[in-house]
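Engineer: Can you read through this structure? Questions will come right after.
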Ligand SMILES: Nc1ncnc2c1ncn2[C@@H]1O[C@H](COP(=O)(O)OP(=O)(O)OP(=O)(O)O)[C@@H](O)[C@H]1O
Ligand SMILES: [Mg+2]
């Protein structure tokens, strides 16, 4: 009996390995600027299947821009963005639409349709993207609402939800079509500590249940480090550090340390743009 068992074991290990290392998103030396101002200058990162990866960095460093490049809303000026092995910039309208059908996006404030019930909000992408019969849509909607703990709220209108509940409905809607890739832009903004923890745990659980990959853009070090596998820190258009949450937390790099420990004083500047304040006030020469 022993040899077949060993064979099975080694087979399953290598299968797990190949699934785990399969990259859903790859950015290879990506550069991008709005007009003439460079925002990203040579970003490389990869998001493997099954993983939740945080993209962090100061305000304005280009995190939302990275999500827009992945979603194909904008195109890199240099380098390549691939999703599921395909160059996003090379996709035509039809292929881009197909690709987006397999992505779930949850943006800041959730943005539910205010004149549709919770049930209809979650059903919306299913009606938009599939021709499933009503009975199946109903089962899927209730399953998704069950997953975020809100099956009992299906008849409510968005106006009667708390902020945390609305975010959970948005999450249920984002996973309605079983995406292979989830993109979250600041999903924790404005939530109390309990709701925040619930949303963070859901992001992890839903990723694992779907066998998807998730990109989590956030400033919230505590909430995200608890649930992510890997962290990228962006500054001045580049990846300045990446690693597991523990590696990042223990980093001795002054910029990383400043970010992780929320220090207002350090190498990362609070002010946008160039030029000394004193010079702008006419108090001295420009450097
Ligand atoms: N549509 C646009 N046109 C011109 N500049 C833009 C546009 N969108 C963003 N920017 C600029 O690009 C830079 C990166 O913006 P982005 O929204 O990606 O930052 P972010 O890291 O998501 O910031 P935050 O944490 O504040 O959301 C910023 O300096 C911003 O001013
Ligand atoms: Mg942003």
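The values are calculated or read from the model by the stated rules, or taken from the named source; none is laboratory data. In this text the structure is predicted, and so the values were computed from the model without any measurement. Virtual Cβ from ideal backbone geometry, glycine too; neighbours counted across all protein chains shown.
Engineer: Out of the residues in segment 223-247 that are within 24 Å of residue 162 (Cα to Cα) and crowded, with 21+ Cβ neighbours inside 10 Å, which is farthest from the chain's Cα centre (by Cα)?
Structural biologist: 223
Engineer: Go through (1) at pLDDT 90 or above; (2) assigned to a loop (DSSP other than H, G, I, E, B) one by one and return the number of the condition residue 145 breaks.
Structural biologist: Just one mismatch for residue 145, condition (2).
Engineer: So, in segment 204-222, how many residues would count as being crowded, with 18+ Cβ neighbours inside 10 Å and under 17 Å from residue 256 (Cα atoms)?
Structural biologist: 4
Engineer: Same structure, new question: Any chance segment 249-266 includes a residue that's more than 16 Å from ligand 2 (Cβ to nearest atom), in contact (Cβ under 8 Å) with a residue 60 or more places away in the chain and within 26 Å of residue 38 (Cα to Cα)?
Structural biologist: The answer is no; no qualifying residue exists.
Okay, residues lined up against (1) within 16 Å of ligand 2 (Cβ to nearest atom); (2) over 24 Å from residue 259 (Cα atoms); (3) within 17 Å of the chain's Cα centre (by Cα):
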{"site": "22", "(1), (2), (3)": "no, yes, no"}
{"site": "25", "(1), (2), (3)": "no, yes, yes"}
{"site": "41", "(1), (2), (3)": "no, no, no"}
{"site": "47", "(1), (2), (3)": "no, no, yes"}
{"site": "50", "(1), (2), (3)": "no, yes, yes"}
{"site": "56", "(1), (2), (3)": "yes, no, yes"}
{"site": "60", "(1), (2), (3)": "yes, no, yes"}
{"site": "63", "(1), (2), (3)": "yes, no, yes"}
{"site": "74", "(1), (2), (3)": "yes, yes, yes"}
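Engineer: Which condition breaks for residue 184 when tested against (1) out of contact with any strand residue (DSSP E or B) (no Cβ under 8 Å at 6 or more places or on another chain); (2) touching a residue at least 60 places away in the same chain (Cβ under 8 Å)?
Structural biologist: Exception for residue 184: condition (1).
Engineer: Looking at residue 203 and the list (1) in contact with a strand residue (DSSP E or B) (Cβ under 9 Å, 6 or more places away or on another chain); (2) not in a helix (DSSP H, G or I), which single condition is not satisfied?
Structural biologist: Answer for residue 203: the failing condition is (2).
Engineer: Could you tell me which numbered condition residue 133 fails, if it satisfies all but one of (1) modelled with pLDDT of 90 or more; (2) in contact with a helix residue (DSSP H, G or I) (Cβ under 9 Å, 6 or more places away or on another chain)?
Structural biologist: (2)
Engineer: Something else now. For residues that are modelled with pLDDT of 90 or more and assigned to a helix (DSSP H, G or I), scanning just segment 210-222, find the one that is nearest to ligand 1 (Cβ to nearest atom).
Structural biologist: Looking at residues that are modelled with pLDDT of 90 or more and assigned to a helix (DSSP H, G or I), I get 221.
Engineer: Which ones in segment 46-58 are within 16 Å of ligand 1 (Cβ to nearest atom) and assigned to a loop (DSSP other than H, G, I, E, B)?
Structural biologist: Hit for segment 46-58 is 58, nothing else.
Engineer: More than 16 Å from ligand 1 (Cβ to nearest atom), within 28 Å of residue 99 (Cβ to Cβ), in contact with a helix residue (DSSP H, G or I) (Cβ under 7 Å, 6 or more places away or on another chain) and in a helix (DSSP H, G or I): is that true of residue 138 in this structure? Before you say what the answer is, go through the steps one by one.
Structural biologist: Values: more than 16 Å from ligand 1 (Cβ to nearest atom): yes; within 28 Å of residue 99 (Cβ to Cβ): yes; in contact with a helix residue (DSSP H, G or I) (Cβ under 7 Å, 6 or more places away or on another chain): no; in a helix (DSSP H, G or I): yes.
So residue 138 fails the test.
Engineer: Could you grab me the full set of residues in segment 59-85 that are part of a loop (DSSP other than H, G, I, E, B) and within 7 Å of ligand 1 (Cβ to nearest atom)?
Structural biologist: 59, 60, 61, 62
Engineer: Filter segment 28-38 for residues that are within 11 Å of ligand 1 (Cβ to nearest atom) and surrounded by fewer than 18 Cβ atoms within 10 Å (Cβ to Cβ) and give the result.
Structural biologist: Applying the first criterion (within 11 Å of ligand 1 (Cβ to nearest atom)) to segment 28-38 yields 32-38.
Correct list: 33, 34, 35, 36, 37, 38.
Engineer: Something else about it: In segment 75-95, how many residues are in contact with a helix residue (DSSP H, G or I) (Cβ under 9 Å, 6 or more places away or on another chain) and buried (at least 18 other Cβ atoms within 10 Å of the Cβ)?
Structural biologist: Of the residues in that region, 5 qualify.
Engineer: Looking only at segment 159-189, count every residue that is assigned to a loop (DSSP other than H, G, I, E, B), within 16 Å of ligand 1 (Cβ to nearest atom) and crowded, with 17+ Cβ neighbours inside 10 Å and tell me the total.
Structural biologist: Restricting attention to segment 159-189, the residues satisfying the condition of being assigned to a loop (DSSP other than H, G, I, E, B) are 161-162, 175-180, 186-189.
Subsequent filtering for residues that are within 16 Å of ligand 1 (Cβ to nearest atom) retains 186-189.
Next cut, crowded, with 17+ Cβ neighbours inside 10 Å only: 186-188.
Number of matching residues: 3.
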